[in-house]
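For reference, the structure is listed below as structure tokens.
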Amino acid sequence: GESVGLHLPTLSVQEGDNSIINCAYSNSASDYFIWYKQESGKGPQFIIDIRSNMDKRQGQRVTVLLNKTVKHLSLQIAATQPGDSAVYFCADPSGGSYIPTFGRGTSLIVHP
Amino acid sequence: IAGITQAPTSQILAAGRRMTLRCTQDMRHNAMYWYRQDLGLGLRLIHYSNTAGTTGKGEVPDGYSVSRANTDDFPLTLASAVPSQTSVYFCASSENSGAGDTQYFGPGTRLTVL
């Protein structure tokens with residue numbers, strides 16, 4: 001089946017630094033991607049999405065970049081705060097059903 | 001507005017017992033989903049429902065069943081629980097099941113099967 005993977009299981013940063021979380025996908029037909037944030041003891045929460053006709057999309061302190069050539073996307077968090085500490089998932093609705101397939105997740109740890 | 005609620009919050013269950021995890025949403029969303037989350041494996045789809053009266057199998061459906069008698073409720077049943085079903089279970093819903101429909105997740109149910 002198709003896979004959505006995250007390169008690093010854990011990312012540690014200092015408060016105020018920028019964070020970059022990477023994700024690779026294998027389905028070249030994928031046309032829509034979602035990033036979720038999951039805080040400890042809670043369910044995943046939508047952060048930002050991007051369609052394949054875009055290379056970049058910006059939200060509040062977050063930017064998602066999509067490189068369709070190498071099938072890679074990244075989530076950039078500016079001026080990382082302790083409240084950003086969580087597990088981040090990229091999800092890929094594919095296969096025509098548009099039901100997201102989730103990667104394993106990257107744990108972001110922000111040190112004050 | 002509560003969004004999505006799940007019950008129970010946590011449960012310890014003896015192997016072989018039957019268990020139903022409850023999920024209710026008040027957003028009138030058409031689509032609902034059940035995922036399990038295991039350490040190192042991320043979220044895996046168990047079953048889904050695109051609309052009331054219909055259900056479909058996800059990636060890991062064996063040992064689980066669902067029903068969707070109405071829009072709001074989407075219970076997940078383990079007919080005869082086994083230890084490998086120890087996991088955190090998340091219910092989610094979206095307005096529809098098309099691209100661009102954001103999933104909203106419940107708080108999860110932590111299930112331990114002994």
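The values are calculated or read from the model by the stated rules, or taken from the named source; none is laboratory data. Just so it is clear, the structure is predicted and the values come from calculations on it, not from any experiment. Cβ coordinates were reconstructed from backbone atoms using ideal geometry, including for glycine residues, and neighbour counts include every protein chain displayed. For accessibility, only protein heavy atoms count, side chains too; no ligands or nucleic acids. Shrake-Rupley method; radii C 1.70, N 1.55, O 1.52, S 1.80 Å.
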Practice prompt. Return the distance in nm (one decimal) between the two label points of a simple spin-label model at residue A:71 and residue B:80, each offset 7 Å from Cα along Cα→Cβ.
Written response: 4.0
Worksheet entry | Carbon plus sulfur fraction of accessible area for the protein assembly as shown, probe 1.4 Å, in percent | 48
Worksheet item: Can you give the percent of C-alpha pairs in the stretch B:4-107 whose distance is more than 22 Å?
Response: 23
Item to complete: Set Lys and Arg Cβ to +1 and Asp and Glu Cβ to -1, take the dipole of chain A about its Cα centre, and tell me which of A:100, A:53, A:24 lies farthest positive.
Response: A:53
Discussion item. Can you give the log10 of the normalised intensity I(q)/I(0) at q = 0.09, 0.11, 0.12, 0.23 Å⁻¹, computed with Debye over equal Cα scatterers of chain A?
Written reply: -0.21, -0.31, -0.37, -1.32
Fill in: Cβ-based net charge around residue B:84, under 12 Å, with every Lys or Arg adding one and every Asp or Glu removing one
-1
Practice prompt. Any chance you could check the stretch B:25-63 for residues losing 50 Å² or more of accessible area when the partner protein chains are in, compared with the chain on its own (1.4 Å probe)?
Written response: B:43
Practice prompt. With a 1.4 Å probe and every protein chain left in place, tell me how much accessible area residue B:84 has, in Å² to the nearest 10.
Written response: 80
Worksheet entry | Accessible-area ranking of A:84, A:55, B:62, largest first, probe 1.4 Å | B:62, A:55, A:84
Fill in: Nitroxide proxy distance, nm - points 7 Å out along Cα→Cβ at residue A:55 and residue A:31
2.1
Worksheet item: Based on the Cα atoms of the stretch A:14-65, what semi-axes does the equivalent ellipsoid have, where each is the square root of 5 times one gyration tensor eigenvalue, given in whole Å with the largest first?
Response: 21, 15, 11
Item to complete: Find the relative contact order for the stretch A:4-111 and round it to a whole percent, using C-alpha pairs within less than 8 Å whose residues are 6+ positions apart.
Response: 38
Response to the item:
For A:72, B:47, the accessible-area ranking with a 1.4 Å probe, largest leading, is A:72, B:47
Discussion item. Along the charge dipole of the stretch B:4-107, pointing to its positive end and built from +1/-1 on Cβ of Lys, Arg, Asp and Glu, which listed residue (B:60, B:45, B:80) has its Cα farthest out?
Written reply: B:80
Worksheet item: Just the accessible area per residue of the protein assembly as shown, please: how many Å² with a 1.4 Å probe?
Response: 47
Item to complete: Could you pull the Rg and Dmax for the stretch B:46-109, using just the Cα atoms, both in Å?
Response: 12.2, 36
Worksheet item: Relative contact order for the stretch B:18-114: what is it in percent, counting Cα pairs under 8 Å that are at least 6 residues apart?
Response: 31
Discussion item. I'd like the accessible area for residue B:57, computed on protein heavy atoms only with a 1.4 Å probe and all protein chains in place. Round to 10 Å², please.
Written reply: 150
Response to the item:
Once accessible area is computed for B alone, A alone and the pair with a 1.4 Å probe, the total buried surface, to the nearest 100 Å², works out to 1400
Discussion item. Just to be sure I understand: with springs between alpha-carbon atoms less than 10 Å apart, which residue in B:65, B:94, B:80 has the highest mean-square fluctuation in the Gaussian network model of chain B?
Written reply: B:80
Discussion item. Let me spell out the model: positive unit charges on the Cβ of Lys and Arg, negative unit charges on the Cβ of Asp and Glu, origin at the Cα centre of the protein assembly as shown. What dipole size does that give, in debye rounded to 20?
Written reply: 300
